[in-house]
Amino acid sequence: GNSVTQMEGPVTLSEEAFLTINCTYTATGYPSLFWYVQYPGEGLQLLLKATKADDKGSNKGFEATYRKETTSFHLEKGSVQVSDSAVYFCALSVPRGDTGRRALTFGSGTRLQVQP
Amino acid sequence: DTGVSQDPRHKITKRGQNVTFRCDPISEHNRLYWYRQTLGQGPEFLTYFQNEAQLEKSRLLSDRFSAERPKGSFSTLEIQRTEQGDSAMYLCASSRSRGENTEAFFGQGTRLTVV
């Protein structure tokens, strides 16, 4: 089956520190990979995505590279801000040919706390 | 269009009662998903619609759960004879099936508490 494993939190950093949140996956088929973010009191928002090996997704200073050989999609940011405090979810989807379904399989989430 | 909206945002119910949640997807999205999220976990897939057709149901969706999308627009999720284990956040997401951007957009969820 499909599964996503991401590092447990909370991760606590000072402002301007470097961030890495590890994510590894197992999948039947060729998955697309995603990072979603959930800010306090808000819904899940897509942060970035990558659809094939060696693709790099990027948005708002965050980056993640699709590494097929290590089945990983680690999230990085060079300099975090207090406003980046949120819960980050790594996810994958493998399309089903019969129904077209592209449901997401999520990791358990990593809470990031950035202190001023 | 302001995104996926869900109603109500919070629901407290007594064990054994029935509850119904509503999801209004982004208007041009023909795919609609329901997920359940418990505390400290990521969302888990429950069911999927393409237009009005319910094409897939997860094993998590017991017989007490039913979902509909009658005209291929809004969707409802009903839980009959609620149990304490049903307490969770219920998330709705929608997406396009064609074009470049087929990623899912999520609503803010309905938090269910069964007492």
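Scanning segment B:8-36 for residues that are among the charged types (D, E, K, R) and crowded, with 17+ Cβ neighbours inside 10 Å gives B:Lys11, B:Asp24, B:Arg31, B:Arg36.
Residues in segment B:80-109 that are more than 9 Å from every other protein chain (Cβ to nearest Cβ) and touching a Pro at 6+ places or on another chain (Cβ under 6 Å): 1 in all. Being over 11 Å from the mean Cα position of the chain (by Cα), in a strand (DSSP E or B) and under 26 Å from A:Tyr30 (Cα atoms) is the requirement here; does A:Thr70 meet it? No: the conditions fail for A:Thr70.
For B:His10, the conditions (1) over 23 Å from A:Gly1 (Cβ atoms); (2) free of Cβ contacts under 8 Å to residues at least 24 places away in the same chain are fulfilled apart from (2). Exactly one residue out of B:Leu77, B:Leu61, B:Leu39, B:Leu55 is open to solvent by 30 Å² or more (accessible area, probe 1.4 Å) and more than 9 Å from every other protein chain (Cβ to nearest Cβ): that is B:Leu39. Test A:Ser3 against the criterion of being open to solvent by 40 Å² or more (accessible area, probe 1.4 Å) and under 22 Å from B:Arg36 (Cβ atoms), and give yes or no. Considered against the rule, which asks whether it is open to solvent by 40 Å² or more (accessible area, probe 1.4 Å) and under 22 Å from B:Arg36 (Cβ atoms), A:Ser3 comes out as yes.
Residues considered: A:Ala64, A:Ala27, A:Ala86. Of these, the only one that is buried (at least 16 other Cβ atoms within 10 Å of the Cβ) and at pLDDT below 95 is A:Ala27. Criterion first (at pLDDT 95 or above and touching a helix residue (DSSP H, G or I) at 6+ places or on another chain (Cβ under 6 Å)) does A:Val37 satisfy it? Here the answer is no, as A:Val37 does not meet what is asked. Suppose the filter is of a type outside the set (Val, Ile, Thr) and closer than 30 Å to A:Gly9 by Cβ; does B:Arg36 pass it? Against the criterion (of a type outside the set (Val, Ile, Thr) and closer than 30 Å to A:Gly9 by Cβ), B:Arg36 qualifies. Against the conditions (1) farther than 13 Å from A:Ile21 by Cβ; (2) away from every other protein chain (no Cβ under 14 Å), A:Glu42 satisfies every one except (2).
The values are calculated or read from the model by the stated rules, or taken from the named source; none is laboratory data. All of these numbers come straight from a predicted model, not from anything done at the bench. Cβ sites come from the backbone with ideal geometry, for glycine too, and all protein chains shown count toward neighbours. With ligands, DNA and RNA removed, areas are computed over all heavy atoms of the protein, side chains included. Shrake-Rupley method; radii C 1.70, N 1.55, O 1.52, S 1.80 Å.
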